[in-house]
Every structure is written in structure tokens, then in C-alpha cells.
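> Please find one structure pasted underneath; my questions will follow.
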């Protein structure tokens with residue numbers, strides 16, 4: 001009996017504590033993530049807090065299920081509807097399964113947007129993509145060109161030949177290569193997102209193209225393997241490895257100089273922008289309609305397409321100056 | 001535990017034993033008290049708790065799991081366990097989604113969900129009663145098997161586009177804020193209560209859980225009863241799959257991940273002995289309410305899910321430890 005009593009007493013204490021923490025802010029914006037305890041989303045929450053501080057009178061409710069399930073997120077959404085929050089900004093575990101719950105939220109006057117991982121159009125007012133295919137395609141060639149003022153040969157190390165995302169990005173890249181005079185894309189090879197195969201393909205590129213100045217790998221597996229291959233071949237300084245990668249995996253190669261810079265979304269900016277959009281929609285300062293744009297504070301404006309989705313910005317560039325700040329985050 | 005304890009434990013049978021009957025009664029009273037306390041704490045700590053629509057939304061936290069917990073209670077009382085229930089949901093839901101591609105209607109979808117559930121349960125039953133495998137091992141195996149099949153069919157895709165009339169099972173209201181799922185759960189709870197307490201079949205479940213050999217020698221067809229229990233659990237999992245699929249409006253192979261443990265938690269919290277032989281449906285129903293209210297209450301306060309898990313874990317451990325400590329203390 002006493003165990004139970006103690007348990008209940010502590011529950012009461014906990015309840016009072018948590019109850020007391022909720023203050024009477026003017027507006028409550030819930031940032032719902034795929035699961036708690038993931039560095040990427042913790043960073044997004046930091047960005048949301050930054051936006052809240054900038055706006056003033058906004059309370060951020062950072063929440064999500066323990067594991068990445070749609071059912072867990074629905075429980076969270078129901079609790080948020082019950083609390084009558086002003087806005088929900090969600091990174092969805094399932095683009096379809098959340099639609100009924102989010103529709104209910106919208107029916108009860110709650111602003112609903114998705115970010116990072118989207119919800120089907122029926123279940124949200126707008127969706128914020130971290131970036132867009134044209135922006136990514138442009139960024140990966142720009143990363144290589146920025147360190148080649150005199151031009152030179154570059155090669156692409158992709159995932160598999162059938163990888164949809166990579167193929168779209170490479171197509172977009174080829175469309176804008178003309179804007180970077182002197183840069184020649186000499187080959188595209190496929191490492192199938194396997195570390196060993198990517199490593200061998202990178203070795204092959206170095207052997208086939210002695211004048212190679214940069215390897216662009218728009219895949220997190222490929223870029224690490226290519227950086228390792230360049231390091232092992234003793235070609236640091238001759239060949240720059242760049243592309244899309246995670247700071248945690250690339251910090252070492254930035255330090256060694258095998259990679260001068262790379263890009264990926266910035267979760268802090270993403271959380272910040274999602275909060276700004278949610279605020280502007282909830283306060284009727286903007287509307288989520290196709291063709292309209294919504295302000296995102298320091299991130300500029302987002303333009304919505306026919307499905308009311310928009311891209312936040314260029315992928316964020318990481319180099320020696322900032323990679324160590326982010327490597328512990330994701 | 002010394003020998004005497006062991007012997008005592010063996011004699012914990014069912015409610016015919018008067019001392020145990022008193023104990024069980026006090027157990028459910030205790031549970032009810034916990035439920036009331038949780039209710040009061042929730043009402044005091046959040047202004048949003050006492051709201052008919054909010055409570056109605058919150059009932060989804062336990063209705064589907066509760067449906068399976070009713071059948072799981074019988075399985076555990078009989079001395080077995082079924083850990084494949086969540087995987088059955090996944091497979092039944094996948095089968096419904098697959099059938100949907102051929103344009104079948106709502107009635108057929110429900111039938112398919114239930115039939116796949118029963119088939120999965122039958123498969124478990126055969127493994128346990130015919131092949132003689134321990135149920136914990138057999139159902140851990142089928143847990144991977146059933147969910148694996150869903151992954152084979154679906155991969156990273158999803159089935160959606162269920163008909164509008166199908167949405168009633170998981171999103172419909174019978175009257176005002178009373179959801180279809182809540183009514184279904186209440187109705188099933190009554191049926192399972194009657195089955196367990198008022199029928200020969202129910203008495204046989206207790207007998208088997210206490211002593212399968214003695215039960216066999218008293219003319220109870222042990223294998224058949226167990227077979228029926230696994231089929232029943234499969235059926236209830238299929239029913240839960242219908243409700244959950246309807247509520248989500250889509251099927252993914254990861255649907256209902258981890259539910260088996262939450263369901264076993266409800267059953268054990270409800271006072272069903274994990275060793276088999278004792279427990280009541282009333283206890284399981286109250287436990288389902290408690291789990292649902294605790295989840296919702298914590299959700300309203302935006303307490304991270306992991307804290308909820310810790311709380312439920314502590315509740316479970318104390319619930320299992322309490323009777324043992326109590327017995328030790330009484331013995332001096």
C-alpha cells in the first residue's frame with residue numbers, strides 16, 4: 001500500500017510541478033516531432049525557441065511520441081487539440097495516417113502545418129520543405145566551384161542508378177552547370193550507398209581522371225567513403241570532396257582537409273521557419289493558399305506551390321568554421 | 001521463494017477460494033481507487049481534462065488495445081501468452097489494404113480483417129497445442145513472421161483510400177461523444193466477463209491455468225480450450241485492426257508497433273497473474289481505463305512520452321511486487 005501511496009504522492013507532486021510550469025502566454029505553438037530524443041529535432045526545437053523569443057508572447061510546446069509511430073503522434077495531437085493550442089507544426093511519421101486527427105484539429109480552429117516530413121495536403125494548411133530539388137542541384141555544383149576559381153574537372157559519386165532523389169538532384173545540377181564556367185563534370189559513378197563500393201568507385205575516379213579537382217557526392221554514404229579514399233590516396237589538398245552529408249560523420253574529414261565544405265539542411269533554421277509560419281498563419285498575418293508567400297522572419301519568404309508546399313532555402317553550408325557546433329546535433 | 005510459498009502459490013486458484021476472493025475484491029477496489037485518484041489528479045492539474053469531447057478523443061488511447069487485452073487476459077489466465085497480437089494487427093490491416101486494391105466494399109474489408117485475425121490466431125494455436133511449443137517462443141516467432149509478411153507486401157509503401165463508410169469503425173460516434181470503439185469495448189467487456197465467469201468454458205480456463213494436468217484428468221479438453229483462446233485472441237486482434245485501420249485511414253507495416261507489451265501491461269496491471277490461474281475482466285477494464293487516463297493526463301501536461309513509460313513501468317512493477325511483499329509481511 002505504501003508503495004502505491006508514494007507513487008501517487010510523487011505523481012501529484014510531478015503534476016503540480018508540470019502544471020505550474022505552464023504560464024499564461026498569449027499564443028501556444030506546438031512543435032510535434034517524429035520522436036523525442038533525436039538530435040536533429042532537438043536542434044529544430046532550439047530554432048523554434050529562437051523564433052518565439054523574437055516574436056514575444058509565444059510559448060513553444062516541444063513534444064512527440066517515444067518512438068516514431070503514427071499512433072503515438074495521434075495521441076499527442078489529441079492531447080494538443082484538447083489543450084486548444086493555437087498552432088501545430090508537425091514532422092509526420094506517416095503522411096496519410098495523421099490526416100483524420102489533423103483535420104479534426106483544423107476543424108477546431110487550430111492552425112496546422114507540416115515541416116521536414118510532410119502530411120498529405122488534406123491534413124495541413126501548408127508544408128515546409130527544408131529545400132527544393134533545384135536549390136539542392138545548384139548547391140552541390142556551387143560547393144565544388146567555390147573552391148575552384150580557375151575551373152577544373154569534377155566527378156559525381158551518387159547512390160544507386162535508380163535512386164530517385166539523387167537522380168533528380170544530378171539532373172538539376174546538370175541544368176545549371178553552365179552558370180559555373182570552367183567546371184567540367186567528367187563522370188557520374190554509382191556507389192549504391194554501400195561504403196565499400198563507394199570507396200572503390202572513388203578510387204576508380206582518381207585513377208581514370210588524373211586532373212580531377214573535386215568529387216561531388218550527393219549522398220551521406222558516398223561522401224564519407226570518397227573523403228576516406230582521397231585521404232588514403234594522399235590526395236588531400238588536390239581533390240576536394242563535397243556534397244550532402246551529416247556534420248557528425250564529416251567533422252573529421254573537414255578537420256583533415258579532405259573536404260572543404262558540404263551542405264545539408266539546418267534543423268535550427270527549419271524549426272525557426274516552421275514556428276514563424278505557424279505564427280503568421282495563426283494570427284492571420286498570412287494565408288496558406290497556392291501562389292501566396294508567407295514570411296519566415298530572418299529566413300525570408302516561402303512561396304507556396306499548387307499543393308501548398310514550399311521550400312525554405314538553399315541547403316546550409318558547413319565548413320571548418322561551424323561543423324563542430326553541429327556535429328553533436330546530427 | 002521457499003517451498004511453502006510455492007505450494008501456496010499453486011493453491012491460488014480462482015474466486016471459489018474465499019480468502020482469494022477477498023483478496024481479488026480488494027485488488028479491484030484498489031485499482032478503482034487508483035483510477036479515481038488519477039482522474040482527480042488529471043482534473044486538478046489540467047483545465048482541459050474535464051471536457052466531454054476531450055475525454056472522448058482520449059478514449060482512443062485504450063479502446064483498441066483494450067479489446068485485445070480482454071482476450072489476452074483469458075490467454076494469460078490459462079497459463080499461456082500471445083506476443084504476436086500487434087503483428088496480427090499489421091497483417092490483418094495489410095490484408096484489408098491489399099483487398100482494397102481490388103475495390104472490395106466495407107463489409108468485405110471487415111470480414112477480411114477478422115478472418116485474417118482468426119487465421120493468425122489458429123496458426124499460433126497449432127504451434128502451441130499441436131506442436132507443443134511454449135507459447136512465449138511460438139508467438140515471438142509469429143510476431144516476426146506476421147509483421148515480416150506485411151513488410152514484404154508493403155515495403156515502405158502504404159495502402160490508403162479506404163471507403164468513407166469504413167471510417168465509421170474508428171472515427172464514428174454512436175451518440176453525442178460516445179464513440180463506436182468505446183461502445184464496442186464496453187460490449188466486448190461484458191461478453192468476456194460472462195464467458196469467463198458464467199460458463200463452463202470460463203471455469204475450464206481457470207482450471208487449466210492453475211494445473212493443466214489436473215484439468216486434463218478432470219476431463220477438460222485442455223488443448224481445445226487453448227486452441228480456442230488463441231483463435232479468440234486472433235479474432236480480437238483482427239477486430240482491433242479494423243478499428244485502427246479505420247481510424248488511421250491507411251495501412252503501413254509499422255502499424256501498432258510495440259502494442260503487445262502495452263496490452264500485456266494492461267492485463268497484468270488488471271490483476272491477472274502472469275503465472276496463470278487468476279484474474280478478472282473487471283480488473284482488466286479498470287486497468288485499461290487507468291492506462292488511457294494516465295497517457296492522456298500526461299499528454300495534456302506535455303510530459304514527454306518517456307516519462308509516461310517510466311510511470312507505467314513503475315506502476316507495473318509495484319503492482320506485481322505488492323501482493324508478494326504483502327504476503328511476506330503478513331507471514332512476518
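> What does the C-alpha gyration tensor say about the overall shape of chain B? Classify as rounded when a/c is under 1.5, otherwise prolate if a/b is larger than b/c, or oblate. Walk me through the numbers before you get to the answer.
Values: a/c = 1.91, a/b = 1.21, b/c = 1.58.
Note, shape of chain B comes out oblate.
> How high is the relative contact order of the stretch A:138-250, in percent, with contacts defined as C-alpha pairs under 8 Å that are six or more residues apart?
Working: 203 pairs, mean separation 36.3, N = 113.
Relative contact order of the stretch A:138-250: 32 percent.
> How many percent of DSSP beta bridges within chain A run antiparallel, rounded to 5?
Working: 7 of 44 bridges.
DSSP beta bridges in chain A are roughly 15 percent antiparallel.
> Let me ask something else about it. What angle, in degrees between 0 and 90 and rounded to the nearest 10, separates the Cα long axis of helix A:195-208 from the longest principal axis of the Cα atoms of chain A?
The angle comes out at about 30 degrees.
> To continue, here is another question. Once the mean 1/r over all distinct Cα pairs of the protein assembly as shown is inverted, what Kirkwood radius in angstroms do you read off? Write down the numbers at each step before the final one.
On the way: mean 1/r = 0.0363 Å⁻¹.
One over the average 1/r among Cα pairs gives 27.6 Å for the protein assembly as shown.
> Right, something else. For each of B:147, B:328, B:203, A:124, count neighbouring Cβ atoms within 10 Å of the residue's Cβ, then give the residues from fewest to most. Before the final figure, lay out each step's value.
Numbers: B:147 23, B:328 11, B:203 16, A:124 29.
Starting with the residue having the fewest Cβ neighbours, the order is B:328, B:203, B:147, A:124.
> Quick one: helix A:39-55 against the long Cα principal axis of chain A, what's the angle to the nearest 10°, folded into 0 to 90?
The answer is roughly 60 degrees.
> Taking only Cα atoms, what is the 0 to 90° angle, nearest 10, from helix A:164-176's long axis to the longest principal axis of chain A?
Result, in degrees: 60.
> Among A:296, A:206, what is the fewest-to-most ranking by other Cβ atoms within 10 Å?
Values: A:296 24, A:206 18.
So the ranking, lowest neighbour count to highest, is A:206, A:296.
> Which percentage, to the nearest 5, of the DSSP beta bridges contained in the protein assembly as shown is antiparallel? Could the numbers behind the result be given before it?
Details: 11 of 48 bridges.
About 25 percent, rounded to the nearest 5.
> Taking the beta-carbon count within 10 Å as an exposure proxy, list A:235, B:198, A:260 from fewest neighbours to most. Kindly include the intermediate steps, with their values, before the conclusion.
Details: A:235 15, B:198 10, A:260 18.
The most exposed by this proxy come first: B:198, A:235, A:260.
> Give me the Å³ per residue figure for the convex hull around the C-alpha atoms of chain A.
Taking only Cα atoms, chain A has a hull volume of 163 Å³ per residue.
> What is the average number of partner chain Cβ atoms found within 10 Å of a Cβ in A:92-102? Write down the numbers at each step before the final one.
On the way: counts 0, 2, 8, 4, 10, 12, 3, 4, 8, 6, 0.
Counting other chains' Cβ atoms within 10 Å and averaging over A:92-102 gives 5.
> Ordered by packing density, taken as the mean number of other Cβ atoms within 10 Å over each peptide's residues, highest first, how do A:214-220, B:254-260 rank? Walk me through the intermediate numbers first.
Values: A:214-220: 26.9, B:254-260: 23.0.
Highest-to-lowest ranking by the protection proxy: A:214-220, B:254-260.
> Just checking the output field for A:62-70: average partner chain Cβ neighbours within 10 Å of each residue's Cβ? Intermediate results must be reported in sequence, preceding the final value.
Numbers: counts 2, 5, 2, 5, 7, 6, 2, 7, 9.
Shielding by partners across A:62-70 averages 5.
> Is there a simple number for the mean count of other chain Cβ atoms within 10 Å of the Cβ of residues in A:35-44, and what is it? Can you show the working numbers first?
Working: counts 2, 4, 3, 0, 0, 0, 0, 0, 0, 0.
Mean partner shielding for this stretch: 1.
> Quick check on packing: order B:72-78, B:247-253 by the mean number of other C-beta atoms within 10 Å, highest mean leading.
B:72-78, B:247-253
Read-outs throughout are calculated quantities, based only on the coordinates presented, and are distinct from any laboratory measurement. Just so you know, these numbers come straight off a predicted model, no measurement behind them. For neighbour counting, all protein chains shown are included, and Cβ atoms are generated from backbone atoms with ideal geometry for every residue, glycine included.
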